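Contents: one structure, followed by commentary.
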Protein chains: 2
Amino acid sequence: MCASSVFIPIVPAGGSGTRLWPLSRRSEPKFLLDLTGTGSSLLQQTLRRLEPIADHPPIIVTGAVHRDAVTTQAQAVAAGADRHARILAEPSPKNSMPAIAWAAAVAERIDENAVIGSFAADHLIHDVDGFTATIRAAHRAAELGHLVTIGIEPTYPATGFGYIQEADGTPEQLGAAGARAVARFVEKPDAETAQSFLAAGGFTWNAGMFVARASLILHWLDRLLPQVADAARQLARLGQEHVGPEEIDRIWQGMTSIAIDHALAEPLAAEGAVAMVPARFDWDDVGDFHALSRQLRSARPAAQQGHDDATPAGSAVQQGSGGAGSDVVALGDAPVIADASRASIYSRTGRPVAVVGLEDITVVDTEDVLLVLADDHAQSLSGLVANLQEHGQGHLR
Amino acid sequence: MCASSVFIPIVPAGGSGTRLWPLSRRSEPKFLLDLTGTGSSLLQQTLRRLEPIADHPPIIVTGAVHRDAVTTQAQAVAAGADRHARILAEPSPKNSMPAIAWAAAVAERIDENAVIGSFAADHLIHDVDGFTATIRAAHRAAELGHLVTIGIEPTYPATGFGYIQEADGTPEQLGAAGARAVARFVEKPDAETAQSFLAAGGFTWNAGMFVARASLILHWLDRLLPQVADAARQLARLGQEHVGPEEIDRIWQGMTSIAIDHALAEPLAAEGAVAMVPARFDWDDVGDFHALSRQLRSARPAAQQGHDDATPAGSAVQQGSGGAGSDVVALGDAPVIADASRASIYSRTGRPVAVVGLEDITVVDTEDVLLVLADDHAQSLSGLVANLQEHGQGHLR
């Protein structure tokens with residue numbers, strides 16, 4: 001069973017990723033960074049991953065200040081000049097719904113039957129074949145008139161993700177497409193609740209990916225948030241290149257700042273209009289340094305694991321005198337002399353880094369600030385970044 | 001009872017202090033550094049401390065490569081042009097005995113009855129009055145014909161220092177001078193032995209300070225190491241300024257590389273010719289980063305202890321968002337944002353440093369290398385420095 005409608009990927013490229021500060025900054029957010037030493041940014045890896053399923057070049061929605069950087073990065077990985085991404089530049093951040101609505105309206109003008117899929121620009125997925133198969137299934141389910149989300153099989157009782165609860169039964173047609181009916185979305189739970197979800201089964205992590213007909217998005221917005229639907233259609237009609245930024249600003253200001261989860265996903269789930277396709281691929285939102293280090297460690301050639309060795313990024317990790325070091329990863333070209341366990345070194349300066357007697361530690365060496373972080377405090381970093389201003393260091397954000 | 005002979009301080013300024021790497025380097029050893037944020041190097045603090053007891057400008061013995069830096073620093077703290085230190089430049093390192101022998105021979109030519117006192121250039125002593133009183137007592141004991149050492153009352157069973165064991169009885173005259181007879185010197189003991197010393201009593205730490213008539217040193221050297229005594233007298237007779245370096249080199253090469261402890265102190269103790277004056281002052285050899293951090297913490301104004309605050313060095317330490325930080329000290333002018341306990345930050349770059357979720361940690365930020373060290377591994381740093389060459393980083397030593 002093949003999908004018959006065109007598929008247009010949407011890539012919201014937003015968020016500053018404060019939990020990866022000072023690698024990520026407001027001026028250089030996470031999606032623009034090559035965090036895994038592959039030579040490509042997370043945005044570029046996302047665009048490459050979407051290439052096999054895209055019937056039309058992707059639509060990227062990003063902040064106006066990142067427009068040039070996003071354009072440059074996107075063009076560098078486009079399969080050809082006719083595959084250049086369309087960039088929609090938001091005058092100001094308004095959460096995910098306005099961005100997706102705008103992109104949906106643009107997609108609907110490209111093809112009124114278009115199915116869009118929205119994929120964050122800063123997540124990591126390595127299994128492109130599994131991803132392609134999963135999204136093709138979501139595409140088919142979307143053609144049946146559903147808002148389709150992707151469910152990640154939980155591997156631990158995470159409290160940092162929202163959950164999707166499956167409905168008791170799934171209509172036959174939906175099931176044939178590889179999808180399941182969704183009962184409801186659950187916001188990030190506490191640890192006890194998360195544990196109960198895993199014990200009960202039928203819960204998956206919500207990775208924030210949505211696949212649906214563009215017209216379905218706009219149809220429901222007409223009913224639930226008509227102002228957002230109208231503004232999205234106006235913006236799409238204007239075409240960004242034919243009007244001044246003032247006109248876009250004016251229309252944009254009329255948008256409500258709201259997440260697609262609250263604006264559409266939750267109300268539609270209550271209406272029985274949401275489906276879920278289980279992910280058949282690895283997924284990591286690289287939410288903090290702990291997650292990033294885990295990624296870098298798992299990416300190392302198996303033969304080298306547990307040794308002092310070169311990393312995916314090619315940085316030289318050398319054993320200190322103590323001989324106890326292991327599982328030390330480095331990103332950047334700085335020589336690392338480590339007598340440490342599970343240390344992660346991110347260098348932008350190239351200066352040699354010596355780490356002695358430490359475990360589960362992250363060192364981030366940049367031109368204008370140095371961070372030394374205990375990995376079990378990785379989540380608290382955003383609080384520190386939020387307070388940089390009051391410490392007189394707001395320029396470092 | 002006053003001493004009647006002139007007192008001439010000797011300051012051996014050697015050793016690279018690898019346990020304070022990368023603050024200290026071969027090119028910039030510990031004694032040249034302002035490690036405590038006072039604006040003076042350890043050498044300069046040593047010279048100032050000796051001023052009240054010196055009847056003659058001090059004699060500094062240092063490596064030829066450090067001659068210019070030592071001269072500049074010494075002149076900057078001299079009480080006047082007529083108090084400029086005499087600098088003896090060793091062509092190569094030969095441990096402490098040749099250096100002290102040379103200085104003793106120079107002192108003997110200044111005054112044949114001179115008493116010299118040898119004090120390392122890189123130890124910290126804050127109580128100058130107590131130091132002065134102690135050395136005056138040692139001066140009197142030295143006039144009685146003893147090699148006099150200074151004993152530090154042990155505060156814990158240290159394994160990093162040698163010990164001095166008192167003799168059972170002390171001759172009356174020596175006791176009247178404030179000194180005690182010494183039975184023997186003990187090299188750095190293991191933990192169990194150190195513990196037994198503290199339990200037994202009568203043991204003090206050997207701080208490596210020696211006070212004696214210059215003629216006594218040379219007399220014993222004539223008997224025990226005549227070659228060293230001859231070379232020392234030749235060097236003193238030549239006067240460094242009147243001959244070429246080749247002549248000094250030639251004579252120096254004839255010296256035996258040996259520590260004064262083995263060359264003189266131990267044999268003289270066996271002869272009953274060694275006395276000890278108990279130190280009436282604080283003392284720290286600032287042997288590693290743990291010791292340095294302890295010094296910086298104790299130097300903070302009491303009202304500020306346990307808070308995030310300015311340090312002696314005036315660096316701004318600011319609380320991170322976590323609110324758990326305490327006892328964070330910083331040396332240098334880098335802003336420090338700390339959500340950490342007992343963290344020590346040494347910065348030469350001025351870059352802001354953020355430390356999150358860590359305890360008992362030292363961060364050293366220099367222009368060409370970065371060190372992150374667990375304080376309980378402070379002693380293992382010298383091993384790492386010794387191996388820098390094989391890591392291709394020998395230039396960082």
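Observations, loosely collected:
- Among A:Val70, A:Val186, A:Val277, the residue with the largest mean-square fluctuation in a Gaussian network model of chain A, with springs joining Cα atoms closer than 10 Å, is A:Val186.
- Phi to ³J(HN,Hα) by Karplus 6.51 cos²θ - 1.76 cosθ + 1.60 over the stretch B:119-124, Hz, x for Gly, Pro: 9, 4, 7, 10, 9, 10
- B:Glu51 label point (Cα plus 7 Å toward Cβ) to equivalent points in the other copies: 7.3 nm, shortest first.
- Shape of the stretch A:128-168, Cα gyration tensor, a/c cut at 1.5: oblate
- For the peptide B:340-349, the mean number of other protein chain Cβ atoms found within 10 angstrom of a residue's Cβ is 1.
- For chain B: relative contact order, % (alpha-carbon pairs under 8 angstrom, 6 or more apart): 18 percent
- For B:Leu35, nonlocal amide neighbours, meaning residues 5 or more places apart or on other chains whose placed amide H falls under 5 Å from its own, are B:Leu42.
- Cα centroid separation - the stretch A:355-397 against the stretch B:352-376, whole Å: 11 Å
- Cα-based radius of gyration of the stretch B:21-127 once divided by 2.2 N^0.38 Å, which approximates compact folds: 1.05
- Between the C-alpha center of the stretch A:15-55 and that of the stretch A:151-171 there is a gap of 25 Å.
- With a 10 Å cut-off around each Cβ of A:379-385, the average count of Cβ atoms from other chains is 5.
- Descending principal axes extents, the stretch A:7-287, alpha-carbon based, whole Å: 53, 43, 34
- Cα-Cα pairs of the protein assembly as shown separated by more than 46 Å (percent): 42 percent
- For the residues of B:330-338, the average number of beta carbons from a partner chain within 10 Å of their own beta carbon is 2.
- Other-copy label distances relative to B:Gly254, 7 angstrom Cα-Cβ extension, nm: 10.2
- Alpha-carbon centroid distance for the pair the stretch A:184-255 / the stretch B:70-101, whole angstrom: 76 Å
- Rounded tilt (10° steps) of A:214-224 against the dominant C-alpha axis of chain A: 80 degrees
- Shape of the stretch B:333-378, Cα gyration tensor, a/c cut at 1.5: oblate
- Each Cα pair under 8 Å and six or more residues apart adds its sequence gap; the mean of these over the residue count of the stretch B:179-284 is a relative contact order of 51 percent.
- Relative contact order (percent, whole number), the stretch A:112-198, Cα cutoff 8 Å, 6+ residue spacing: 27 percent
- Leading residue at positive end of dipole, chain B (Cβ point charges), from B:Leu373, B:His262, B:Ala142: B:Ala142
- Shape of the stretch A:140-238, Cα gyration tensor, a/c cut at 1.5: oblate
- 0 to 90° range, to nearest 10: angle between helix B:128-143 axis and chain B longest Cα axis: 20 degrees
- Debye-sum result for the stretch B:1-46 in log10 I(q)/I(0), which assumes one identical scatterer on each alpha carbon, at q = 0.16, 0.20, 0.21, 0.28 Å⁻¹: -0.51, -0.66, -0.70, -1.03
- Put in line by how crowded their Cβ is, counting other Cβ atoms within 10 Å and starting with the fewest, A:Phe197, B:Phe289, B:Phe131 read A:Phe197, B:Phe131, B:Phe289.
- DSSP beta bridges confined to the protein assembly as shown are antiparallel in about 35 percent of cases.
The numbers here are math on the coordinates, done by the rules we state, and not lab data. Quick caveat, the model's predicted, so the values are computed rather than measured. Cβ: placed from backbone, ideal geometry, glycine included. Neighbour counts: every protein chain shown.
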